[in-house]
1. Being assigned to a strand (DSSP E or B) and of a type outside the set (A, V, I, L, M) is the filter here, so list the residues in the stretch A:269-287 that pass it.
2. Can you pull out the residues in the stretch B:298-314 that are open to solvent by 30 Å² or more (accessible area, probe 1.4 Å) and within 12 Å of B:Leu364 (Cα to Cα)?
3. Give the stretch B:304-333 a look and list any residue that's modelled with pLDDT of 90 or more and assigned to a loop (DSSP other than H, G, I, E, B), or say none.
4. Which residues, counting only those in the stretch A:235-265, are more than 19 Å from the chain's Cα centre (by Cα) and among the hydrophobic types (A, V, I, L, M, F, W, C)?
5. Residue under question is B:Ala102, and the condition is that it be open to solvent by less than 10 Å² (accessible area, probe 1.4 Å), at the interface with another protein chain (Cβ under 10 Å from one of its Cβ atoms) and not acidic (Asp, Glu); does it hold?
6. Of the residues A:Arg24, A:Arg6, A:Arg44, A:Arg32, which single one is over 26 Å from B:Lys127 (Cα atoms) and at pLDDT 95 or above?
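The values are calculated or read from the model by the stated rules, or taken from the named source; none is laboratory data. Here the structure is a predicted model, which means the values were calculated and not measured. Cβ placement follows ideal geometry from the backbone for every residue including glycine, while neighbour counts extend to all protein chains displayed. The protein model used for the area step is the full one, side chains on, heavy atoms only, and it has no ligands, DNA or RNA in it. Shrake-Rupley method; radii C 1.70, N 1.55, O 1.52, S 1.80 Å.
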Number of protein chains: 2
Amino acid sequence: MKKQIRFNGFTLNSVAPHSPGLWRHPEDQGQRHGDLDYWTDMARLLEKGKFDAVFLADVLGIYDVYGDSPDAAIEHAVQVPLHNTLLQISAMAAVTEHIGFAPTYSATYTEPYKLARDFSTLDHLTKGRVAWNIVTSYLKSEAVNLGLGDQIEHDKRYDRADEYMDVVYKLWEHSWEEDAVEANRETGVYSNPDKVHPINHKGDYFSVPGSHLVEPSPQRTPVLFQAGAFEKGKAFAAKHAEALFTTLASDLDELKAFTKEIRERAVDAGREADDIKIFPGIVPIVGRTEEEAQEKYEELLSYVSYEGTAAMLSGHTGVDFSKYDPDQYVEDVTTNASHGFLKKYSSSTTRKWTVREAVLHHGLGIGATKVVGTPEQIADALEAMANEGDADGFNIIQAASPVTFEDFIEHVVPVLQARGSYRTEYEASTLRENLFGAGRVRTSNNHPSKKSVGLYGVNV
Amino acid sequence: MKKQIRFNGFTLNSVAPHSPGLWRHPEDQGQRHGDLDYWTDMARLLEKGKFDAVFLADVLGIYDVYGDSPDAAIEHAVQVPLHNTLLQISAMAAVTEHIGFAPTYSATYTEPYKLARDFSTLDHLTKGRVAWNIVTSYLKSEAVNLGLGDQIEHDKRYDRADEYMDVVYKLWEHSWEEDAVEANRETGVYSNPDKVHPINHKGDYFSVPGSHLVEPSPQRTPVLFQAGAFEKGKAFAAKHAEALFTTLASDLDELKAFTKEIRERAVDAGREADDIKIFPGIVPIVGRTEEEAQEKYEELLSYVSYEGTAAMLSGHTGVDFSKYDPDQYVEDVTTNASHGFLKKYSSSTTRKWTVREAVLHHGLGIGATKVVGTPEQIADALEAMANEGDADGFNIIQAASPVTFEDFIEHVVPVLQARGSYRTEYEASTLRENLFGAGRVRTSNNHPSKKSVGLYGVNV
């Protein structure tokens, strides 16, 4: 059997989540993100396309580094307005049966005891279709509004996150024994207290003596997603993540090096190389001919907002892009801010980029690889990234919503299905099984959720 | 026109929320509370009954005062397992058009900046049908697991809650001007930054400099529910609440004194006497004849768990009921614990109660008045409480779920409708309009949400 490719639909509860300015595109419907129909339609669409999950990004602040002001982000709807990511999930779950839901939820601004209850609730309501995209928040505009005063220092964020995971694992996996709920009308015992264990956690960052509030859900621990780019982030992902999002994909060698490193690190952490599914982000732009696809790309690009994208980049990098002359070449502005973004464009061997061109190019899908072509060409490119680059699948990022998803599902998915490299039916009904194979409903035994403490030994 | 009575369906995301032991009743379906169908069916049922809202109670800990252990609560499913209250709402909203949703959410364990986003999101998704039942949490088992170490001292909780309200009002009412969202494809302006104001809040408990993350929702501020029993709680309710839940109802004089006091306090706080809708909780038990109703009451009572109810009461009062002899008369055990619960039964003029009898009686609907009789008798009692006791409506508390709601909607609602004291159609589509009249979508101008700061003057 050919290697199977997988897809998540990448979005966020905002107007034009990952392509600033595209809300002006005539086909874009992102302005409907406050309507339940928008979400239930999207869930049905992605399930029709046999996607693994709806991936919901999130932040808790407004990008305000650009010009030292939130104005550009507000004006261009750069992830603001920004609604909660968890609250529309039950409506989406009610109209679907297989697709999973992978909301981002910050480990920085929710106590683990509470987050554990939220995800257990969702896992029950969706019958085992929920994932958690773990983030440790990075915006100063988040910290100052949420009682932290200032951000937690980056490296400390991961130490704290490591302990955070320990707490939620104890709650999800080690507090309630599998048969703790007896619901026996004769004996009158609903849950057997001898099988519900307080976790007695006392660490550097958290103190959680009690037992979990929720009985075991289908998956117990939600499928764990993460975006790992930094050194500490990679180590964290290799240890915990079951699915990893990366924006690396344009260069096959770079992708190959990345997937190889992550899988080696996973093995070093005592896991199997394929215990982490790696999903590069891509923006697919489909045409009946190569020319039509190229024209569509140019047309979409014409809607990207320079200022909006620059505001987002300033937030992501911490560098104020309002200080750059858009018409300078990128290699001339790297002196005092040689961060990843500019370096990528200044080292391009195919052409010279101005700041404006680089920003606009980045604006369509937050720097993700644009895969432009006929359905067959796109299928070829994805197969190459999967087979040579060793990617497991792709996070499909939208230029305009939901038309990017619609075009991809209508035109590219059938080609991959005909080639035998994409499912025609879901394998199972829980998210973890659809990702790892029927029968694997729970985290595997080599995962730290199982290993960190003895099952039900937490109160000994 | 006769005074119109209103109803909320009172529940909680647990097995047998307010009647410990009733999960053993053959008709009880509370064990399905992890299924979306359970909630969507309930929302449809209550909308068929023209209820104002589904009221969702919540706590964040396990009752562990009884015998200094959580075991009794766990064994008898006394509000444990306990799932999140917000997460099933969007599925309920998707299958209904008019009914509102009033989830409890603790102001103690969520930053106001985040809570404001959550409720604005729900208000958008439900198109203006959301309320917030404000609580300041009281269980030690909540505090110790959620990073507080110990509870906030009771009176301080309300000072903090007052400032909390100030912050969320600023975010909901004073940050985004009504026409801030322009979504103008020609000018490229999505939101006008001149009309989105940072709230610059700096107080004793909270610092929130930024602007709200969500554009104005239909109601802006959700309808504000509260349960006010304590002195500070009453003052808080008189100032902020638009709907108030009380367990007082059995004695018409007591109810009358309570409603009078609350309305006078509201007037003292600069509001109208009817700006607060007062909802006593009741457990209706309906029979075709008085005898049948009485038999049904006895049958339901036989399923109440003594230990479960005692565990809940211990949690609510802080007094360990395991130390009482169930067969003692209540007047003989009041010496060192003369709290409200025992006082109520020891001062009964109609009979002498043993601790066991009092606890079991309390167990059906957490001490709410049982209204037992034919549909006409129940309608008579409700009309008396509404007309003489000046209640605006009732929180219907279930003995068994959803059969208490079903019986009430099938048999009592039509009698009240025939008498002209209950709606046959909803007046409008937002919750606040259904409670206060068509056209009143937003908080009124005499409400502190409008008065505390000048609209859009927050950044001056």
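1. Initially, the stretch A:269-287 is screened for residues assigned to a strand (DSSP E or B), giving A:277-286.
Passing the criteria: A:Lys277, A:Phe279, A:Pro280, A:Gly281, A:Pro284.
2. Scanning the stretch B:298-314 gives B:Glu298, B:Glu299, B:Leu301, B:Ser302, B:Tyr303, B:Tyr306.
3. Within the stretch B:304-333, B:Val304, B:Ser305, B:Asp320, B:Tyr324, B:Asp325, B:Pro326, B:Asp327, B:Gln328 meet the criteria.
4. A:Leu252, A:Ala257
5. Numbers: open to solvent by less than 10 Å² (accessible area, probe 1.4 Å): yes; at the interface with another protein chain (Cβ under 10 Å from one of its Cβ atoms): no; not acidic (Asp, Glu): yes.
No, not satisfied.
6. Going through A:Arg24, A:Arg6, A:Arg44, A:Arg32 in turn, the sole match is A:Arg6.
Okay, residues lined up against (1) closer than 19 Å to A:Arg160 by Cα; (2) of a type in the set (Val, Ile, Thr):
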{"position": "A:Ile74", "(1), (2)": "no, yes"}
{"position": "A:Ala94", "(1), (2)": "no, no"}
{"position": "A:Gly100", "(1), (2)": "no, no"}
{"position": "A:Thr110", "(1), (2)": "yes, yes"}
{"position": "A:Leu122", "(1), (2)": "no, no"}
{"position": "A:Val135", "(1), (2)": "yes, yes"}
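Table: residues versus (1) within 26 Å of B:Glu97 (Cα to Cα); (2) among the aliphatic types (A, V, I, L, M).
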residue: A:His18; (1), (2): no, no
residue: A:Gln31; (1), (2): yes, no
residue: A:Gly61; (1), (2): no, no
residue: A:Tyr66; (1), (2): no, no
residue: A:Ala73; (1), (2): no, yes
residue: A:Val95; (1), (2): yes, yes
